[in-house]
Amino acid sequence: MIVAGRPTDATAVEQMGLMRPLSEVGSRSQNRSDSTNRHATAEQSVRAAYAAYSAQRLADLLAFMTSDVDWPDRNGRLRGRDELRSYWTKQWARTRTQDVPTAIAWLEDAVCAVLLDQTVRSLDGEVVSRARLVHLLQLDGLLISRLDIVPLAQSQSQAIPDEKKESHT
Amino acid sequence: MTEILFVHGALVRDGDWWWRPVAERVEDATGVRSRAIALPSCGETEALAGTAGLREDAEALRRALDAVEGSALVVGHSYGGTVIAEGADHPSVRELMYISSYLPEAGMAQGAIMSDERDPVQIAPQEDGTLRVDGYDQKSFTARFLQDVQDLSAQAEAWKRVTAQSASAFVTPTTRAAWQGVASTYLVCTQDRTTSVELQRIHAARTTRAIDVNTGHHPFLSRPDLVAAELIQSLRSWS
């Protein structure tokens with residue numbers, strides 16, 4: 001959803017606690033049944049948020065965000081629903097993006113990773129780009145409080161044509 | 001004692017079978033024995049389907065390295081390279097070899113590594129938190145992944161070993177880049193129909209030695225002699 005899959009800085013991932021050695025990150029066996037049920041509900045919410053994004057239902061989409069939601073925008077960050085409203089309004093004046101979540105996996109109790117297939121089209125329907133991406137979502141209850149994009153390697157991103165680096169979302 | 005550890009790719013199981021043609025050649029020539037790592041994310045251990053991902057795969061490799069009495073040459077195919085990045089930070093590791101694989105930096109995930117592939121493998125989620133290749137039968141799988149494997153029985157046996165794998169193996173970011181500072185060889189499969197040569201070369205540039213092989217995605221089945229020769233050369237350079 002959102003930022004076209006270009007890299008965010010690695011520090012953003014680190015801030016989410018995901019750069020610690022995996023063996024030190026939370027016990028997955030604790031309260032498995034409770035967390036499983038909670039995660040199943042949260043996954044429905046996350047998928048609904050992506051559906052709202054792809055359908056460009058702005059009010060519905062913003063309702064899935066916390067009031068202080070933290071969002072990537074190229075090299076910077078957006079904060080709060082108003083900034084996101086403005087961001088998506090501008091984005092949707094240029095492109096139509098379909099984000100289809102293929103799989104969701106929980107990395108921590110309130111952090112899930114979403115594997116998604118993204119297709120960006122121009123307003124006349126021409127495909128601008130396709131990509132398979134990984135988004136990391138921090139949740140507060142059922143609401144999304146932060147999104148980060150798992151980066152490509154530096155040299156890999158440099159190999160991408162400049163026109164694809166443009167934010168088309 | 002020197003040992004080779006093989007780490008297979010995504011969405012398959014039974015590493016012993018995939019690597020056997022190479023392992024036997026190397027052992028015959030050098031006496032060096034090998035093991036294939038059973039990946040929990042592919043249902044090769046007691047872990048419930050969908051519950052084990054990259055973390056558990058890396059831990060399986062780490063445990064295997066703990067059991068090495070001497071030096072290890074770790075070989076990764078495709079996703080196996082991501083497991084190496086996370087799990088091969090170990091004093092027993094002397095050298096690494098990659099076959100159409102990945103050397104991710106810390107903070108990357110398998111799904112993102114493949115982000116810009118023009119024709120990504122179609123995968124579909126299952127109810128249990130796993131993913132499977134989607135839309136393939138033995139014929140189409142062979143055409144994409146095994147087009148240069150002439151042995152019909154090997155084609156059939158390979159298809160039998162295609163399996164589901166936990167989604168978390170694809171989306172969990174790495175926390176280490178164990179390939180850094182370690183001697184390594186990359187076999188670029190120039191006829192690979194599933195991992196582009198361009199993407200392979202990006203990752204090959206991170207190794208200390210890269211070699212083109214005129215094969216598809218599974219040279220250890222189509223040209224085990226070539227893969228074995230590179231391993232034998234590496235092992236002999238140690239002495």
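The values are calculated or read from the model by the stated rules, or taken from the named source; none is laboratory data. All figures in this text were calculated on a predicted structure; none of them were measured in a lab. Glycine also receives a Cβ, built like all others from the backbone with ideal geometry; neighbour counts cover every protein chain displayed.
When the criteria are applied in full, B:Ser71 meets the requirement of being small (Gly, Ala, Ser) and surrounded by fewer than 24 Cβ atoms within 10 Å (Cβ to Cβ). Applying the condition of being of a type in the set (Phe, Trp, Tyr) and crowded, with 20+ Cβ neighbours inside 10 Å to segment B:101-160 and asking which residue is nearest to the other protein chains (Cβ to nearest Cβ) yields B:Tyr102.
Being at positive phi and either more than 14 Å from chain A (Cβ to nearest Cβ) or in contact with a His (Cβ under 7 Å, 6 or more places away or on another chain) (or both) is the requirement here; does B:Gly181 meet it? For B:Gly181, the condition - at positive phi and either more than 14 Å from chain A (Cβ to nearest Cβ) or in contact with a His (Cβ under 7 Å, 6 or more places away or on another chain) (or both) - is met.
Check segment A:39-48 and report whether any residue there is in contact with a helix residue (DSSP H, G or I) (Cβ under 9 Å, 6 or more places away or on another chain) and either at pLDDT 95 or above or more than 14 Å from chain B (Cβ to nearest Cβ) (or both). Scanning segment A:39-48 turns up at least one residue that is in contact with a helix residue (DSSP H, G or I) (Cβ under 9 Å, 6 or more places away or on another chain) and either at pLDDT 95 or above or more than 14 Å from chain B (Cβ to nearest Cβ) (or both). Only a single criterion out of (1) of a type outside the set (Phe, Trp, Tyr); (2) within 26 Å of A:Ala105 (Cα to Cα); (3) surrounded by fewer than 17 Cβ atoms within 10 Å (Cβ to Cβ) is not satisfied by B:Glu198, namely (2). Taking the conditions exactly as written (at negative phi and touching a Phe, Trp or Tyr at 6+ places or on another chain (Cβ under 6 Å)), does B:Trp159 satisfy them or not? Spelling it out, B:Trp159 is indeed at negative phi and touching a Phe, Trp or Tyr at 6+ places or on another chain (Cβ under 6 Å). For segment A:109-133, a residue qualifies if it is within 11 Å of chain B (Cβ to nearest Cβ) and more than 13 Å from the chain's Cα centre (by Cα), and the qualifying residues are A:Ser129, A:Arg130, A:Ala131. Pick from segment B:52-68 the residues that are surrounded by 18 or more Cβ atoms within 10 Å (Cβ to Cβ) and in a loop (DSSP other than H, G, I, E, B): which of them is modelled with the highest pLDDT? So, considering only residues that are surrounded by 18 or more Cβ atoms within 10 Å (Cβ to Cβ) and in a loop (DSSP other than H, G, I, E, B), the one modelled with the highest pLDDT is B:Val68.
Could you please let me know if B:Arg161 is over 20 Å from A:Pro151 (Cα atoms) and in contact with a strand residue (DSSP E or B) (Cβ under 7 Å, 6 or more places away or on another chain)? It is true that B:Arg161 is over 20 Å from A:Pro151 (Cα atoms) and in contact with a strand residue (DSSP E or B) (Cβ under 7 Å, 6 or more places away or on another chain). A single entry from A:Asp99, A:Asp148, A:Asp68 fulfils the requirement of being within 13 Å of the chain's Cα centre (by Cα), outside any helix (DSSP H, G or I) and at pLDDT 95 or above: A:Asp99. Considering each residue of segment A:73-96 in turn, at least one proves to be touching a strand residue (DSSP E or B) at 6+ places or on another chain (Cβ under 6 Å), at pLDDT 80 or above and among the β-branched types (Val, Ile, Thr).
Answer with yes or no whether B:Gly9 is outside any helix (DSSP H, G or I), buried (at least 23 other Cβ atoms within 10 Å of the Cβ) and modelled with pLDDT under 95. Judged against the criteria, B:Gly9 is not a match.
Scanning segment B:85-95 for residues that are more than 14 Å from chain A (Cβ to nearest Cβ) and out of contact with any helix residue (DSSP H, G or I) (no Cβ under 6 Å at 6 or more places or on another chain), we see that the one that is surrounded by the fewest Cβ atoms within 10 Å (Cβ to Cβ) is B:Pro91.
If I ask for residues that are within 12 Å of another protein chain (Cβ to nearest Cβ) and of a type in the set (S, T, N, Q), which ones from segment B:184-202 would you list? Answer for segment B:184-202, where residues must be within 12 Å of another protein chain (Cβ to nearest Cβ) and of a type in the set (S, T, N, Q): B:Ser196, B:Gln200. Looking at B:Ala112, B:Ala106, B:Ala49, just one residue is at pLDDT below 95, part of a loop (DSSP other than H, G, I, E, B), farther than 25 Å from B:Arg223 by Cα and in contact with a strand residue (DSSP E or B) (Cβ under 9 Å, 6 or more places away or on another chain), and that residue is B:Ala49. Take segment B:204-220 and flag every residue that is under 18 Å from B:Gly81 (Cα atoms) and in contact (Cβ under 8 Å) with a residue 60 or more places away in the chain. Within segment B:204-220, B:Ala204, B:Arg206, B:Thr207, B:Gly216, B:His217, B:His218, B:Pro219, B:Phe220 qualify.
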